[in-house]
Amino acid sequence: MTELRFDGRVAIITGAGGGLGRSHAIELARRGARILVNDLGGALDGSGSSASAAQRVVDEIIALGGVAAANHDSVSTSRGGEAIVQAALDAFGRVDVLINNAGILRDRAFHKMEADLIDQVIDVHLKGAFYVSRPAFALMREQGYGRIVNTSSASGLFGNFGQANYGAAKAGLAGLTRVLAIEGVEHGIKVNAIAPIALTRMTEGILGELASKVSAESVSPLVAFLANEECSVNGNIYSVAGGRIARIFVAETSGVVLKENTAEAIRAQLSLIDEVDVTRFHEPSSLDGETTIIAKALSEIS
Ligand code: NAI
């Protein structure tokens, strides 16, 4: 099997001073990519900052024979996003890969979730991906090539108590992935997302028996594939943990076209509307795809 290489490629990895980002950075560097290791170096809740987190990973990569540069800007402002992309250009002259990975946690039951817990989490995860992707995407369009991997989460795709802020941001990243995949396709840009589970400082003490089976390193091979030139998929979202990988997708049931469109008819037919017939569900590839399905269903009754 030929190795998937990144020779000549430059990758920006946000939040790469530890955990999953560090592991992705080492994996891509090992395969020949030059890496911009971005990390604000703060605490799990996003407070504080330090230059040493990113620098430590740069030192590790250099010790392994790789090429890397450190950057400490925050992803959570538009100016920070631009500075991160500029730092990659200054260090290496181009950007081929962007892994949006930076993240923080500020969990709280929804009825106690004050505005600062909402804003900061959405700023780092969701707006951060916008702020770094925008300048990177512009460069990728110009050069007709790019790979973006976003970091979503089961918390947003399936739901998790106490994580309304985080879950909404992570579900937003799934939407961003789908739209950028469509906008990038004619420019050679592929955009996919992962929903990982791994033992990092973010999950310390909450994974139970899984903890010993889900290393950060077990997530990075999928990231390397999605970031590689040979990546054959676009707009997909993958669950990844401990070497188990599965595709997560948004689908819809065949649905029902109501003869009488009233709230009472919906109440009466809800089980049919909700019922999943695995031989008849639809997985639209875009909004247009869904509109086509709706038009077909409506044409069948007119
Ligand atoms: P981590 O806390 O080790 O890594 C996150 C990194 O992002 C930290 O090094 C942190 O300093 C950095 N960061 C935070 N705010 C930043 C900012 N404004 N600008 C630049 N860097 C910033 O945690 P982990 O687990 O490695 O998380 C990586 C990503 O994976 C996050 O987006 C997280 O939400 C996501 N994730 C992790 C899961 C897990 O099981 N560990 C599950 C699902 C998603």
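The values are calculated or read from the model by the stated rules, or taken from the named source; none is laboratory data. Being a predicted model, the structure only gives us computed values, none of them experimental. Because the Cβ atoms are built from the backbone with ideal geometry, glycine has one as well, and the counts that use them run over all protein chains shown. We work out accessible area using only protein heavy atoms, side chains counted, and drop any ligands, DNA or RNA first. Shrake-Rupley method; radii C 1.70, N 1.55, O 1.52, S 1.80 Å.
The table below gives the values:
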{"quantity": "Hits in region 70-113 - residues which are among the aliphatic types (A, V, I, L, M) and more than 15 Å from the ligand (Cβ to nearest atom)", "calculated": "L89, A91, V95, V97, A109, M113"}
{"quantity": "Positions within region 224-238 being open to solvent by 10 Å² or more (accessible area, probe 1.4 Å) and of a type outside the set (S, T, Y), in sequence order", "calculated": "F225, E229, E230, V233, N234, N236, I237"}
{"quantity": "Boolean, R22 is in contact (Cβ under 8 Å) with a residue 24 or more places away in the chain and either in contact with a Pro (Cβ under 6 Å, 6 or more places away or on another chain) or more than 14 Å from the ligand (Cβ to nearest atom) (or both)", "calculated": "no"}
{"quantity": "Residues within region 128-159 that are of a type in the set (K, R) and either under 16 Å from G103 (Cα atoms) or at pLDDT below 95 (or both), tallied", "calculated": "0"}
{"quantity": "Identity of the residue in region 57-69, hydrophobic (A, V, I, L, M, F, W, C) and either open to solvent by 20 Å² or more (accessible area, probe 1.4 Å) or under 19 Å from the mean Cα position of the chain (by Cα) (or both), that ends up nearest to the ligand (Cβ to nearest atom)", "calculated": "A69"}
{"quantity": "Subset of region 239-266 (residues that are closer than 23 Å to A33 by Cα and open to solvent by less than 50 Å² (accessible area, probe 1.4 Å))", "calculated": "V240"}
{"quantity": "Segments classed as helices (runs of 4 or more DSSP H), wholly inside region 187-302, with at least 3 members that are over 30 Å from G21 (Cα atoms)", "calculated": "263-274, 287-299"}
{"quantity": "Condition broken by S23, with the remaining ones in (1) open to solvent by 30 Å² or more (accessible area, probe 1.4 Å); (2) at pLDDT 95 or above; (3) of a type in the set (S, T, Y) satisfied", "calculated": "(1)"}
{"quantity": "Cβ-Cβ under 6 Å pairs, at least 6 apart or on other chains, region 113-128 side assigned to a helix (DSSP H, G or I), far side open to solvent by 40 Å² or more (accessible area, probe 1.4 Å) and modelled with pLDDT of 95 or more", "calculated": "L117/R108"}
{"quantity": "Any pair with Cβ under 7 angstrom, 6 or more apart, that starts in region 282-298 at a residue that is touching a residue at least 40 places away in the same chain (Cβ under 8 Å) and ends at one that is surrounded by 11 or more Cβ atoms within 10 Å (Cβ to Cβ)", "calculated": "S286/I182; I293/H282; I293/P284; A297/G255; A297/V257; L298/V257"}
{"quantity": "Tally of residues being over 11 Å from the mean Cα position of the chain (by Cα) and either away from the ligand (no atom under 13 Å from the Cβ) or loosely packed, with under 14 Cβ neighbours inside 10 Å (or both) across region 173-204", "calculated": "14"}
{"quantity": "Residue list for region 213-233, filter: more than 14 Å from the ligand (Cβ to nearest atom) and hydroxyl-bearing (S, T, Y)", "calculated": "S232"}
{"quantity": "Pair list, Cβ < 6 Å and 6+ apart or interchain, from region 84-112 residues that are under 16 Å from R9 (Cα atoms) to residues that are polar (S, T, N, Q)", "calculated": "A87/N71"}
{"quantity": "Sole exception among (1) open to solvent by 30 Å² or more (accessible area, probe 1.4 Å); (2) assigned to a loop (DSSP other than H, G, I, E, B); (3) β-branched (V, I, T) for V75, by number", "calculated": "(1)"}
{"quantity": "Any hit, region 34-53, residues being away from the ligand (no atom under 15 Å from the Cβ) and in contact (Cβ under 8 Å) with a residue 40 or more places away in the chain", "calculated": "yes"}
{"quantity": "Residues (within 16 Å of the ligand (Cβ to nearest atom) and aromatic (F, W, Y)) located in region 137-159", "calculated": "F158"}
{"quantity": "Scan of region 151-184 for residues that are part of a helix (DSSP H, G or I), hydroxyl-bearing (S, T, Y) and touching a residue at least 24 places away in the same chain (Cβ under 8 Å), ordered by number", "calculated": "Y166, T177"}
{"quantity": "Count of residues meeting criterion [within 14 Å of the ligand (Cβ to nearest atom) and either among the basic types (K, R) or at pLDDT below 95 (or both)] in region 114-127", "calculated": "1"}
